[in-house]
Structures are given as C-alpha cells and as structure tokens.
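Just below is one structure, and these are the notes that go with it.
Rule-based calculations on the coordinates, nothing more; no lab input. Bear in mind that the values here come from a model prediction, so they are computed numbers and not experimental data. Quick reminder, even Gly has a Cβ in these numbers, built from the backbone with ideal geometry, and neighbours come from all protein chains shown.
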Amino acid sequence: MKKLSLALLVGLAAAAAHAQTPAPAPLQRHLVMPFENTTKEARGYWISEGAAVALSDDLLALGVPAIAREDRLLAFERLRVPSVAMLSHATVIRLGQVLGAGHVTIGSFELHGDDLTVRARTIRLDNGRMLPEIVERGDLKDFFAVYGRVARRMVPTSGVSTQEMERGRPPLTAFEQYIKGLVASAAETQIGFLTQALTLYPVFQRARLALWEVHTGQGQHKEALAAARQVPAAHRLGRQARFRAGVSLLHLNQLPDAFTTLNELHLEKRDAALANNIGIVQLRRAAPSTALRAGGPPGGRAIAFLGEAVALDDTDSDLFFNLGYAYWLDRDAQGAIHWLREAVRRNPADDAAHYVLGVALQATGSTAEAAREKELARQLSSTYVEWEAKQGTANAVPRGLERLKTELDVPAVLRVESTVVAAEQRDQRDLAAFHLERGRRFFEQERDAEAIAELRRTTFLAPYTSDAHLLLGRIYLRNGRIADAVDALKISVWSDPSNAAARALLDDASRR
C-alpha cells in the first residue's frame with residue numbers, strides 16, 4: 001500500500017486496519033455526497049439527496065462499507081457546514097476525513113424533461129487523487145438502474161449479481177416520497193411525505209423507521225411506538241424496530257415494558273446500546289430517594305448494565321458519562337469521579353461531564369479541581385450558569401442527564417460518533433499544542449499576562465495538559481500568587497502523576 005499523505009490522515013479511523021491486510025482500496029469506507037442539480041429544475045430537487053442514498057445503498061449491496069446518510073449529516077453538523085451538494089473539494093475531503101472514509105464520491109445530474117444524465121467522480125483520500133469521471137444516462141423512470149450502473153463502474157470487481165444488488169428496492173414513486181420526507185424542513189411535511197411513501201408501498205419499512213425518528217423528535221412517542229411496532233420482527237430491520245420501540249416505551253415511562261423489550265434483544269445478542277438503554281431504564285425505575293445499591297429495581301442494578309455497556313464499547317464517551325452519572329446518583333462520589341474522568345478524557349468538550357465531575361470532586365473536598373471542572377462546564381455551555389443561579393449554594397446535579405442510544409449492532413469501524421469525536425480531539429490537541437508552545441515562549445520572555453492567556457486556551461482545549469498547568473504554577477509563583485500556584489500545580493500532578501517537576505514545585509509552593 002502506498003504511503004499515506006499526512007495532511008489527509010486526519011480522521012481516517014479505518015486506515016490502520018486496511019494497512020495490515022491486502023484488501024483492495026474500494027473496500028475502504030466510502031462517503032457519497034448529494035449530487036448537484038446543474039439544471040436547477042425544481043421538480044428534480046429530491047434527486048440530489050436521492051442520488052446519495054441510492055448510490056450508497058448500491059455500494060453496500062456490492063460489498064463496500066458505505067457511510068449512511070445519518071452519519072453524513074452528523075459530520076455536517078459537527079463541522080458546521082450546510083447540508084448541500086455544492087461544497088468545495090477541501091470541505092468534502094474534510095468531511096470524509098472526519099468520518100473515517102477512504103473515498104469520497106461527488107457528482108452532478110442534469111434533467112431535461114425525463115432524460116437524466118449523471119456524472120460522478122471519486123476522490124481517494126490517501127493521496128488526494130481524483131479518479132476518472134463516470135457518466136451514465138437514462139430515463140428518469142430508470143433512476144435506480146442509472147445509479148446502479150454508476151455503482152457497478154465504481155466497484156467493477158464485485159461478484160454480486162445485478163439481481164442481488166437490486167433486491168429490496170422500493171418503487172421509484174415511493175422512494176421519491178421517502179426522500180422528500182427526509183429532506184423536508186418541517187416535521188408535519190416530513191410526516192406527510194413519509195406517510196405517502198408507505199401508502200404507495202406499505203412494506204417500505206425504512207420509511208416507517210424514518211417516521212419513527214420524526215415522531216420521536218417531536219416528542220410524539222405514542223405515534224413513534226405505533227410506527228416501530230408495524231415493522232415485522234422477521235424483517236431485516238425488525239431488530240432495529242424492536243429496539244426503537246423499547247426507546248419509545250422508555251420515553252412513555254412504561255419502564256417495565258421497556259426493560260422487557262430491550263432485555264430480550266440483549267439476551268439474543270449483546271450490544272453496548274442495549275446495555276446502556278437498559279441501564280437508563282433501571283435508573284429511572286429507581287426512586288430518587290432510594291440509593292440504587294439498596295436492592296434496586298427488578299432485573300438488575302443500573303450500574304451493572306452501564307458497566308457492561310462500557311465493557312462492550314470503550315470508545316463512546318456517552319457510555320462513560322452515563323456510568324459516572326449513575327455512580328453519582330448511587331451516592332458513590334469516588335466511582336463517579338473515576339468514570340467521569342474517563343468520559344472527559346474521551347471527549348474534552350463534554351460540558352455535562354465536566355460539571356458532574358466538578359460536583360463529585362467538590363463533595364470529596366477536592367475544591368481546586370472541582371472549581372476548574374465547573375468553570376470548564378460554564379465556558380462550554382451557559383446551562384450551568386443558569387442552573388447554579390437556581391440552586392444557590394447547593395452542590396447538586398439535576399436528574400435526567402443520562403444519554404439514550406438509538407442505533408444498535410453498529411460495527412466498531414462504523415461507529416461514526418466515536419470517529420467524529422476522535423477527529424475533533426485530534427484537532428483540539430493540535431490547537432492546544434500550538435497555544436502551549438506560545439505560552440511557553442511568552443513565559444520565557446516574562447510576558448506573563450500573554451502567557452496565562454495562551455495557557456488557559458490550552459487547558460480549555462485539552463484540560464489534562466500537565467505541562468500547561470505546571471507553567472501556570474510557575475507564573476503564579478513568580479508573581480507571588482501562592483494559592484493560585486498551588487491549585488494549578490495540584491491539577492498538573494493529578495493530570496500526570498509522573499510529572500516530577502510539577503510534584504517538586506508543588507511541595508515547594510505548599511511550604512511557602
């Protein structure tokens with residue numbers, strides 16, 4: 001395999017695995033972007049997104065691990081870019097990097113009457129090379145066939161037959177309504193299109209799950225539950241539908257039924273999302289006034305299930321937050337501190353984790369660390385300023401902070417949330433290192449105010465940078481701010497117990 005370009009390595013979570021095997025390049029994860037409507041014909045607006053969905057489906061059928069639409073939208077949101085087809089190549093490449101893709105396909109279509117012309121080009125992210133353009137033409141009514149031919153030319157070595165690739169496709173009329181439902185901005189409009197898709201093709205279970213998502217987003221959990229329960233258990237989406245029914249039951253506070261539904265699925269096949277959600281059910285079944293360790297609800301302790309979730313997936317910071325939060329509700333501050341530290345190590349921008357960690361630290365008398373964690377939370381979100389204003393001097397945490405999962409049986413390589421967070425962490429570490437170096441230079445030049453500003457930027461981006469806290473301690477000592485120096489040096493030692501310089505300076509400062 002050719003040496004990968006450093007500039008394009010960021011975010012390629014799957015590259016290491018491919019580097020160990022002789023798998024051909026097309027088997028790397030593939031991101032398909034919406035296609036540009038070059039003729040701007042209004043009636044074909046749905047084709048832009050429909051092209052990305054259909055082509056991704058075909059690539060999956062041909063054996064290529066294509067990235068789902070939901071994950072693409074997550075990357076759009078994280079990078080704060082509009083979900084449109086006309087993006088620069090640099091932005092498209094960055095999206096692919098964040099999602100851990102090996103290839104990104106961009107394209108356009110022309111619609112003249114019912115004549116459809118499709119153009120597609122793929123960018124290899126390991127070397128930035130643009131592969132030759134693929135052009136296919138056909139009648140609009142043959143939409144699937146046209147994009148199927150594009151997929152075939154993208155993966156010419158696949159042994160999957162055309163019949164296998166086309167299996168499960170809905171009628172084009174239903175697919176059009178489905179896509180319009182996905183891209184509509186108003187929930188009522190989405191529901192209308194998705195309902196029409198199901199009227200045209202009643203066994204279109206994918207549209208039914210999309211309807212579940214819309215209803216859930218609107219807090220219409222009874223309607224969401226009804227949609228999920230209409231998916232047959234034997235369907236390939238049946239397990240996902242039962243899982244989502246369990247989520248709806250949880251939202252409806254039908255906790256015993258939610259436990260039964262989710263636990264049955266978990267017994268069939270263990271999954272981190274199931275263990276997590278079962279743990280949340282058990283958290284909510286426990287009365288707020290009763291410690292979870294005192295028996296707990298029927299079926300098992302919340303902490304046991306949440307601990308299993310972490311064991312099944314040690315990359316998802318949400319799972320670590322839930323476990324730490326459960327320990328806090330269980331009145332075990334040390335357990336909460338341990339797991340919440342793991343949460344913020346994995347996602348330094350997790351405001352709630354910082355805040356709950358601060359509360360737990362304060363409860364154990366670690367005031368300096370507690371103040372720092374709470375300040376980080378306040379910098380990340382105004383929620384905690386408002387919460388503290390309401391609670392006064394109390395050191396408390398609100399209930400209901402636990403985080404549900406709505407996808408299950410996701411292979412590790414396709415866990416996009418953790419891939420996105422990892423990419424963000426790399427960016428944050430790079431930027432933190434930049435500010436740390438500037439802070440160090442200002443410290444050496446005795447430009448203390450500027451050094452403090454740079455080092456605070458460092459600790460905001462990477463809270464556990466021991467050397468940044470050490471430098472802050474040195475600056476505070478130089479300026480006679482002994483108490484501030486001791487606090488900074490304590491955090492430096494806690495962040496890295498092997499930092500001998502910080503430990504020695506802390507001993508010296510504590511004696512002053």
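Data for the structure
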{"quantity": "Virtual spin-label span in nm between Ile482 and Leu60, 7 Å along Cα→Cβ", "calculated": "6.5 nm"}
{"quantity": "Ala371 paired with Gln218, simple spin-label distance in nm, labels 7 Å along Cα-to-beta-carbon", "calculated": "5.0 nm"}
{"quantity": "Cα point-scatterer Debye curve for the chain, base-10 log of I(q)/I(0) at q = 0.09 Å⁻¹", "calculated": "-0.77"}
{"quantity": "Spin-label model distance (nm) - Thr117 vs Ser510, 7 Å beyond Cα toward Cβ", "calculated": "7.6 nm"}
{"quantity": "Around Ala245: net Lys/Arg minus Asp/Glu count, Cβ-Cβ under 10 Å", "calculated": "+2"}
{"quantity": "Within segment 415-510: Cβ-based charge dipole about Cα centre, in debye rounded to nearest 20 (Lys, Arg +1; Asp, Glu -1)", "calculated": "20 debye"}
{"quantity": "Under 24 Å between alpha carbons - lysine pairs in the chain that sit 8 or more apart or on different chains", "calculated": "8"}
{"quantity": "Ascending count of other beta-carbon atoms within 10 Å, so fewest first, for Thr122, Thr406", "calculated": "Thr406, Thr122"}
{"quantity": "Which of Trp46, Leu31, Val214, positive extreme of dipole for the chain (C-beta unit charges)", "calculated": "Leu31"}
{"quantity": "Estimated 222 nm signal from helices in the chain, with DSSP H stretches of n ≥ 4 weighted -39500 (n - 2.57), rounded to 500", "calculated": "-19000 deg cm²/dmol"}
{"quantity": "Three principal axis lengths of segment 428-512 [C-alpha, angstrom, descending]", "calculated": "35, 26, 16"}
{"quantity": "Segments 148-154, 175-181 sorted - mean Cβ within 10 Å per residue, highest first", "calculated": "175-181, 148-154"}
{"quantity": "Charge dipole (debye, nearest 20) of the chain; +1 at Cβ of Lys and Arg, -1 at Cβ of Asp and Glu", "calculated": "340 debye"}
{"quantity": "Neighbour-count order for Ser466, Ser161, fewest beta carbons within 10 angstrom listed first", "calculated": "Ser161, Ser466"}
{"quantity": "Cα centroid of segment 194-250 to Cα centroid of segment 366-395, whole Å", "calculated": "39 Å"}
{"quantity": "R0 of 30 Å, Cβ-Cβ distance Glu446-Gln334: FRET efficiency to nearest 0.05", "calculated": "0.15"}
{"quantity": "Percent RCO, i.e. relative contact order, over the chain, from Cα pairs under 8 Å lying at least 6 residues apart", "calculated": "9 percent"}
{"quantity": "C-alpha long axis of helix 89-98 to longest principal axis of the chain, angle in °", "calculated": "70 degrees"}
{"quantity": "Rounded to whole Å, sorted largest first: equivalent-ellipsoid semi-axes of segment 95-241, Cα gyration tensor", "calculated": "31, 19, 17"}
{"quantity": "Least to most buried among Lys390, Lys222 (fewest other Cβ within 10 Å first)", "calculated": "Lys390, Lys222"}
{"quantity": "Simple Cβ-charge dipole of segment 160-264, Lys/Arg +1 and Asp/Glu -1, about Cα centre, in debye nearest 20", "calculated": "160 debye"}
{"quantity": "Among Leu267, Phe320, Ala336 the positive-end extreme of the charge dipole of segment 223-340 (Cβ point charges)", "calculated": "Leu267"}
{"quantity": "Whole-Å semi-axes of the ellipsoid equivalent to segment 114-161 (Cα gyration tensor, √5λ, descending)", "calculated": "23, 15, 6"}
{"quantity": "Residue (of Gln282, Ala197, Tyr178) at the positive-pole extreme of the chain, dipole from beta-carbon charges", "calculated": "Gln282"}
{"quantity": "Degrees, to the nearest 10: 500-510 long Cα axis against longest axis of the chain", "calculated": "40 degrees"}
{"quantity": "Whole-angstrom gap from segment 337-360 to segment 168-189, using each part's C-alpha centre", "calculated": "40 Å"}
{"quantity": "Helix axis angle, 482-495 relative to the chain longest principal axis, alpha carbon, degrees", "calculated": "50 degrees"}
